[in-house]
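The values are calculated or read from the model by the stated rules, or taken from the named source; none is laboratory data. The structure displayed is predicted, hence computed values, not measured ones. Neighbour counts are summed over all protein chains in view; Cβ atoms, including those assigned to glycine, are modelled from backbone coordinates with ideal geometry.
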Amino acid sequence: MSERVRNVNKVSLIPLAPERHAEALQAVYRGAQAYWEMYNLPASPRKQAALDLKAAEETPGRTMMGIVRVTADQAGAPGVEMIGVVDFRLHWPGEHVAYIGMIMVTETYRRQGVGSQAWRLLEPWLVQRADIQTARCGVEQFNPGALRFFQSLDFDLTGEANRLRVGDKFVRLLYMEKELGAGDWRDWRLGGALAERISNLQFLSLLT
């Protein structure tokens, strides 16, 4: 798939809900084809976003947040475009621990610091609003890019590993952790008219 690279300066995070954001999240999944290819899938399964959002809603402490950037149409009217997602679970697998299940950015916006920006917004919120002291993640052994990404955020390998079955293959996860500092909390939500546009699913298409 050939897509033009677009520049992005600043991103925000918004909580996702099944009834409002499934279509926009599915567009993010379609824009991250390399992720699915790692699992021998040609593309994201149909309705995967709706299934994930429903599962997040039913799982205690689990939250999915869209990574969005502010846009403007030809008339200058503000809008938003979802360009990634952060999936995490609070106080799991232990108290004061946040498990980071995924930080996904569409291929169009990779290598522009989007994932790092999203983490810098989320990290102080985890500490100051959710009482989290440690962030933990599991990285697929065959995904060196993800390993380097989390290392760039000061996550360290714990020496733990686990072998999980995903579909028709087994995946070896390498666990990483980071002790969190307080930092300066900044509001990761958009307000006013832009928040209303998000609720109304007025996202720009990632694939046009």
Exercise for review: Output the qualifying pairs, or none if there are none: Cβ atoms under 6 angstrom, residues six or more apart or on different chains, first residue in region 147-163 and free of Cβ contacts under 8 Å to residues at least 12 places away in the same chain, second residue part of a strand (DSSP E or B) and basic (Lys, Arg).
Suggested key: Arg163/Arg172
Revision key, fill the gap. Residue count, region 121-146, condition free of Cβ contacts under 8 Å to residues at least 12 places away in the same chain and more than 25 Å from Tyr39 (Cα to Cα), comes to 0
**Study point:** Residue list for region 18-50, filter: of a type in the set (A, V, I, L, M), at pLDDT below 95 and assigned to a loop (DSSP other than H, G, I, E, B)
**Key:** Met38, Leu41, Ala43
Exercise for review: Would you be able to say whether some residue in region 24-43 is of a type in the set (S, T, N, Q) and in contact with a Phe, Trp or Tyr (Cβ under 7 Å, 6 or more places away or on another chain)?
Suggested key: no
Practice item. Go through region 139-167 residue by residue and tally those that are modelled with pLDDT of 95 or more, charged (D, E, K, R) and part of a strand (DSSP E or B). Key: 2
Exercise for review: Considering each residue of region 115-141, count those that are within 20 Å of Thr158 (Cα to Cα) and among the small types (Gly, Ala, Ser), and give that number.
Suggested key: 2
Exercise for review: Identify all residues within region 65-110 that are more than 14 Å from the chain's Cα centre (by Cα), assigned to a loop (DSSP other than H, G, I, E, B) and surrounded by 15 or more Cβ atoms within 10 Å (Cβ to Cβ); write none if there are none.
Suggested key: His91, Trp92
